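The values are calculated or read from the model by the stated rules, or taken from the named source; none is laboratory data. Owing to the predicted nature of the structure, the values given are computational and were not obtained by experimental measurement. Cβ sites come from the backbone with ideal geometry, for glycine too, and all protein chains shown count toward neighbours.
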Amino acid sequence: MTTAIDVTGVVKTFGPVRALDGLDLNVATGEVHGFLGPNGAGKSTTIRVLLGLLRADSGTASLLGGDPWNEAVELHRRLAYVPGDVNLWPNLTGGEAIDLLGRLRGGLDPQRRADLLERFSLDPSKKGRTYSKGNRQKVALVAALAADVELLILDEPTSGLDPLMEAVFTECISEFMAEGRTVLLSSHILAEVEKLCDRVSIIREGRVVESGTLDDLRHLTRTSVVTETDREPAGLADLPGVHEVVVNGNRTEFEVDTDHMDAALRHISGLGVRSLISQPPTLEELFMRHYGDELEANGAGRHATAGNGQGAGDHA
Amino acid sequence: MTTTTDRPTATGTAEPSGRAALAGTGTLIRFVLRRDRVRIPVWIVALTISTVSTAAGFPDLYKTAADRQSRAELMDSPAATAMSGPGFGLDDYTFGAMLSNEMLGFVAIFVALMSVLLVTRHTRAEEESGRAELVRANVVGRHAHSAAALTVVIGTNLLLGALIAASLAGSGIESIDGVGSAAFGFGLAGVGIVFTGIALVAAQITENTRGASGMGAAAIGVAFVLRAVGDIGSGALSWLSPIGWAQRMRPYVDERWWPLALMLVVGGALIVTALVLSTRRDVGLGLRHQRPGPASAKPSLGTPLGLAFRLQRANLIGWCIGLFLFGAMYGSILSDVEEFVSDNEAVRDMVSNIGGETAIDSFLTLIISMLAIVSTIYGILAVQRLRGEETTGRAEPVLATAVPRARLAGGHVTVALAGGALVLLAGGAGLAISGGASTGDAGITGDIIAAVLVNIPALWISTGLAVALFGLAPRALAFAWAVLVYALVVSMLGGLLQFPDWMSNLSPFGHVPGIPAEEFTITPVVVLTAITAGLVWTGIDAFRRRDLTTN
C-alpha cells in the first residue's frame, strides 16, 4: 500500500493562534479518506498546507510523494481541488471558469465536462455573480471531476447542495474511486463520510485525535441495545463495559462497549429474550465522544447528546 | 434573492409610506458612524489641516505685495489656469485670492473623492457583500440605507466646510476674512454634496462597488477637466462643473452665494433621482441586468495572463476611453492657449523664461504629466485587483492547478504595466488628434508621442511599488497611493508653496524630461525603468515565499 498523503507533526500558527498543533495525517493510495472535524478545527488549514498555499512552520508533509510547498506546480497537475467556499469571478460564466481551471491544470475531458454539467444540471452560461451558493459549488465540482487526476482534495464539497445533488456527488465519487484513485474528503457531515469513506481521521483543535477504518473506530465506541426479557436483568449494570442501563418492567435499554458485547449478550440470553434490537455505533456517536465535552460545556447534557445524533451534528 | 423579476411588480402600486421606507435609519446612522469612527475624522482633520497650513505658509513665502503680484503674473497662463482656477482677483492678488484661486479646486477634488468613497462604501458595497440583505430583513425600510449614508456624508461635508471656514477665519492671515472663509468652506461642502448625489446615483446603476466608485471618480475627473478647459476658453464649460461653481463663489475676492444654492439644488435633485431609481430595482442588483454569457471559454482564456487580461479588460477599455476624452478636451483648447499668450506680452516673456519654446510646448508638457499621473491610478488599481483575487479566495483554485505563483502574479502585473502605458497612450492620442485639429498643426503629434513615452517609466514606479507591497506587506498595499498623492501635491501645489527641489525630486514625475519644453535625456528614463523592474521582481519573489491570505 503506497501513501498518497503523509503528514507528520505539522504545526502552523497565525500570530497567537495555533491552527495546526502537531497534526499527523496518513492517506493511502486508492482510498477515500474522511477528514472530520467541526468548524475551526484546522481542516481547511491542513488542506492549504497540502496545496502549498500555506507553508508549515514545522513538521513534514508529503503529497503524492513530493513536497507540497517546493513541488507545488508539478504535484498540482496530478490533483484537483474543490474549496469549501467557492468564490467565482463575477463576470466570467460558470462554463468559462470550468474551462479556465481545466486548462490551467493541463486540459480537461470535454465529454466528461458535458456529462457532468448534465448530471449536476448546471447552466454554464450564467455569470459567476448570479450563481447561488449551491451552483457555485457545482461549478467547482464539475471543474474538479472533469479532470483526469490521481487525487481529489475536497473541502466540504457538498455544502449548499440539495439532497438530489448530494446523491449525484456520491455517485460521481464512487465512479472516480472505481478507477483506483484517491480522495481526501473533509466534512462535518457525518452521513456523507460514513457513506463514502474507507478510513476516517478526526481532527480537533489542530490535531488528529482518532484515525482508522470505520470498523476500527467502531471498536472504540458503544452499541446501544434494547431488549425485552422474561425476567428482570439483575446484575447487568455490574458487568464491565455496560453503561446507561434503564430498566422499565421487562424492557431494558443499555449501552455496551463493543469489546464487552459478548459477555453482556451471554448475560441477557439467560433471561429469556423475547426481542432484541441492537444499533451499531454511528459515526455521530464517534464524533460525539471527541466533542462531547465541548457540547457539555455549551450546556447540552451528555445523555441527550448521546441519544440524539442529528442534533449533535447540527451542534458541531 | 434567488429569483429575479425584470421589474419589481410593487413599483408604483404599493409604495410603502414615507415613514416605513425610512424605518431603522437612526440605528443605521449610528452604525455607519461606529464603522467610520476613525475614517471620517481622518478625512476631516487631514483636509482641514492641509488647507489651513497652506494658507498659513503664504505670509512667509510671499512677503510683499510685489511677490504676490509676480505670482499672479505666473498664474496668468494657460498651463497655470488648467491646473488651478479661473484667476479671480489676479489684479490684486491677496493671500485670500491666492488661496481661492490655487487651492480651492485642488481641495475640492479630495472633498469630492471623500464623498464618493463614503457613499459607495455604505450603499453599494453593503449590497454587493450581501450584508444589506441581512440588515434589510430586519425592520429596516427601503430607503434606510441610503438615508443613513446620506445623513452621515452630508453631515461630514457640512462639518468639514464649517471647520475649514472657522479655522481659516480664525487664522488671522491678512485678507483671509470671515465672509470669504465661509464661502471657501461651504463652497467645498457644496461640491461634496453634489458628488454625494452623483455617487448615490452611480450606486443604483451598477451592481459592483468598483463600478460605482469608478463612475464617481470619473465624474470628478470630468468636473476638473471641464473647469480647466472652460477657464482657459470662454468659461462656458466651467458652468457645467461643480468645482467650477465653487470657484465662482469667488471667495475672498467678491463673494456671491447663489452658486452654493445651485450646488444644493443639483445635489438634491441627484439624490431624489437616486432614490427613485432605487425603487425600480431589486436589493443586490443594479439597473443593468446581466445577460447570459458563453457556455465555454475562448482559447485565449487558458493562461494566467489571459485570465488577468480578461478580468481587467472592461476596466482597461473604460480607462482608455476616459483618458482619450480627457486628452481630447485639453487638445481642443490648444488654439485658445496660443491666443491666450499672444494677447498677453508679460506671459509671452514668462513662458520663454521657463525654457519652453512656445506656450503650447510648456502647456503640453504639463498636461501630459497630468495625464501620466492620472494613468498611475489604473496601474495601482490593477495591482489591487491581484490582491483582491487573493483575499476573495479566487486565487486559491487557480494556484491549486499547475500555475506557479510567479505566473499568476506576473499575469496581473503585465496587465497593470502594459495597461497603464496604454491608458496614457490613449490620453496622448486624444490630445494629439484634437490638438492637431484645433491648431491645424499635425506636427505636434511627434512631440506628444515622445512626451508620453518618457512619462511611462515614471508612471510605472507606483505600479512597481504596489507590486512590491503586495509581495512584502500586502496589508499595506494602500500605501502605493501615497506616491500618486505626493506626485499630485508636488505638481499642483509645488509652485504655490515654493517646494524645494529635493521635494520635487522625490516624485518620480520630477525626473521626467519635460518634453517638448525641455531636451530629452536618457538617464532618468533608464533609472526609473530599472527601479520599476527591481520593485516588481522584489514583490513577485516575496509573493512566492509567503502564505496565501484569504479573508
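For the stretch A:78-91, the criterion of being among the polar types (S, T, N, Q) and more than 14 Å from every other protein chain (Cβ to nearest Cβ) is met by none of the residues. No other residue among B:LEU334, B:LEU325, B:LEU287, B:LEU277 is crowded, with 21+ Cβ neighbours inside 10 Å and at pLDDT below 95 apart from B:LEU334. If you filter the stretch B:394-410 down to residues that are within 29 Å of the chain's Cα centre (by Cα) and within 11 Å of another protein chain (Cβ to nearest Cβ), you find that the one that is farthest from B:ALA542 (Cα to Cα) is B:ARG394. Scanning the stretch B:315-338 turns up no residue that is closer than 28 Å to A:LEU92 by Cβ and either at the interface with chain A (Cβ under 8 Å from one of its Cβ atoms) or in contact with a Pro (Cβ under 8 Å, 6 or more places away or on another chain) (or both). Of A:ARG77, A:ARG55, A:ARG48, A:ARG112, all but one fail to be more than 26 Å from B:ALA542 (Cα to Cα) and either out of contact with any Ser or Thr (no Cβ under 6 Å at 6 or more places or on another chain) or aliphatic (A, V, I, L, M) (or both); the exception is A:ARG112.
Screening B:GLY411 on (1) on the phi > 0 side of the Ramachandran plot; (2) at pLDDT 95 or above shows it passes everything except condition (1).
Within the stretch B:486-504, the set of residues being surrounded by fewer than 12 Cβ atoms within 10 Å (Cβ to Cβ) and in a helix (DSSP H, G or I) comprises B:ASP501, B:TRP502. Residue count for the stretch A:137-167, restricted to those that are in a helix (DSSP H, G or I) and buried (at least 19 other Cβ atoms within 10 Å of the Cβ): 10. Scanning the stretch B:29-53 for residues that are over 21 Å from the mean Cα position of the chain (by Cα) and either closer than 17 Å to B:MET492 by Cα or among the aliphatic types (A, V, I, L, M) (or both) yields B:ILE29, B:VAL32, B:LEU33, B:VAL38, B:VAL52, B:SER53. Can you tell me which residue is nearest to the other protein chains (Cβ to nearest Cβ) among those in the stretch A:65-75 that are surrounded by fewer than 21 Cβ atoms within 10 Å (Cβ to Cβ) and closer than 17 Å to A:THR29 by Cβ? That would be A:GLY66. Within the stretch A:103-136, being closer than 15 Å to A:ASP162 by Cβ and surrounded by 15 or more Cβ atoms within 10 Å (Cβ to Cβ) holds for A:ARG119, A:PHE120, A:LEU122, A:TYR131, A:GLY134, A:ASN135, A:ARG136. A:VAL32 falls short on exactly one of the conditions (1) β-branched (Val, Ile, Thr); (2) within 26 Å of A:GLU175 (Cα to Cα); (3) surrounded by fewer than 22 Cβ atoms within 10 Å (Cβ to Cβ), and that condition is (3).
When the stretch A:101-127 is filtered for residues that are within 9 Å of chain B (Cβ to nearest Cβ) and within 27 Å of A:THR46 (Cβ to Cβ), the ones remaining, listed by number, are A:LEU101, A:GLY102, A:LEU104, A:ARG105, A:GLY106.
To keep it simple, each residue is scored yes or no on (1) farther than 21 Å from B:THR414 by Cβ; (2) modelled with pLDDT of 90 or more; (3) in contact with a strand residue (DSSP E or B) (Cβ under 8 Å, 6 or more places away or on another chain).
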| position | (1), (2), (3) |
| --- | --- |
| B:ALA432 | yes, yes, no |
| B:GLY440 | yes, no, no |
| B:GLY443 | yes, no, no |
| B:VAL452 | no, yes, no |
| B:LEU459 | no, yes, no |
| B:LEU469 | no, yes, no |
| B:LEU472 | no, yes, no |
| B:SER491 | yes, no, no |
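Among the residues making up the stretch B:383-393, a single one is more than 9 Å from every other protein chain (Cβ to nearest Cβ) and acidic (Asp, Glu): B:GLU390. Pairs needed: first member in the stretch B:515-535, of a type in the set (D, E, K, R); second member anywhere, not in a loop (DSSP other than H, G, I, E, B); C-beta distance under 8 Å; at least 6 residues apart or different chains. From residues that are of a type in the set (D, E, K, R), the pairs are B:GLU518/B:THR365.
Every listed requirement among (1) surrounded by 21 or more Cβ atoms within 10 Å (Cβ to Cβ); (2) modelled with pLDDT of 85 or more; (3) closer than 21 Å to B:ALA450 by Cα is met by B:ALA308 save one, (3). Here A:ARG78 does not qualify as free of Cβ contacts under 8 Å to residues at least 24 places away in the same chain, surrounded by 18 or more Cβ atoms within 10 Å (Cβ to Cβ) and among the charged types (D, E, K, R).
The residues in the stretch A:178-188 that are at pLDDT below 90, hydrophobic (A, V, I, L, M, F, W, C) and surrounded by 15 or more Cβ atoms within 10 Å (Cβ to Cβ) can be counted, and the count is 0. The criterion of at least 1 residues that are farther than 23 Å from B:GLY185 by Cβ is met, among helices (runs of 4 or more DSSP H) falling completely within the stretch B:58-156, by B:65-75, B:78-83, B:104-122, B:124-129, B:131-136. Residues in the stretch A:12-33 that are touching a Lys or Arg at 6+ places or on another chain (Cβ under 7 Å) and assigned to a strand (DSSP E or B): A:ALA19, A:LEU20, A:ASP21, A:GLY22, A:LEU23, A:HIS33. Filter the stretch A:53-87 for residues that are farther than 17 Å from A:LEU101 by Cα, within 22 Å of the chain's Cα centre (by Cα) and assigned to a strand (DSSP E or B) and give the result. Hits for the stretch A:53-87 are A:ALA61, A:SER62, A:LEU63.
Being more than 13 Å from every other protein chain (Cβ to nearest Cβ) and in contact with a helix residue (DSSP H, G or I) (Cβ under 7 Å, 6 or more places away or on another chain) holds for only one residue in B:ARG256, B:ARG248, and it is B:ARG248.
When the residues of the stretch A:50-64 are filtered to those that are within 26 Å of A:LEU108 (Cβ to Cβ) and more than 8 Å from chain B (Cβ to nearest Cβ), which remaining residue is surrounded by the fewest Cβ atoms within 10 Å (Cβ to Cβ)? Only one residue tops the list, namely A:LEU64. Of all residues in the stretch B:145-192, those satisfying the criterion of being among the β-branched types (Val, Ile, Thr), buried (at least 24 other Cβ atoms within 10 Å of the Cβ) and within 26 Å of B:TYR62 (Cβ to Cβ) are B:ILE164, B:ILE176.
Here's the yes/no breakdown for (1) over 23 Å from the mean Cα position of the chain (by Cα); (2) more than 27 Å from B:ALA80 (Cα to Cα); (3) among the hydroxyl-bearing types (Ser, Thr, Tyr); (4) outside any loop (DSSP other than H, G, I, E, B):
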residue	(1), (2), (3), (4)
B:LEU386	no, yes, no, yes
B:GLY420	no, no, no, yes
B:LEU424	no, no, no, yes
B:GLY436	yes, no, no, yes
B:ALA451	no, no, no, yes
B:GLY464	no, yes, no, yes
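Which residues, taken from the stretch B:58-79, are hydrophobic (A, V, I, L, M, F, W, C) and touching a residue at least 60 places away in the same chain (Cβ under 8 Å)? Selection gives B:PHE58, B:LEU61, B:LEU74, B:ALA79. Considering only the stretch B:290-301, I want to know if a residue exists there that is small (Gly, Ala, Ser) and either modelled with pLDDT under 85 or not in a loop (DSSP other than H, G, I, E, B) (or both). No, that holds for no residue.
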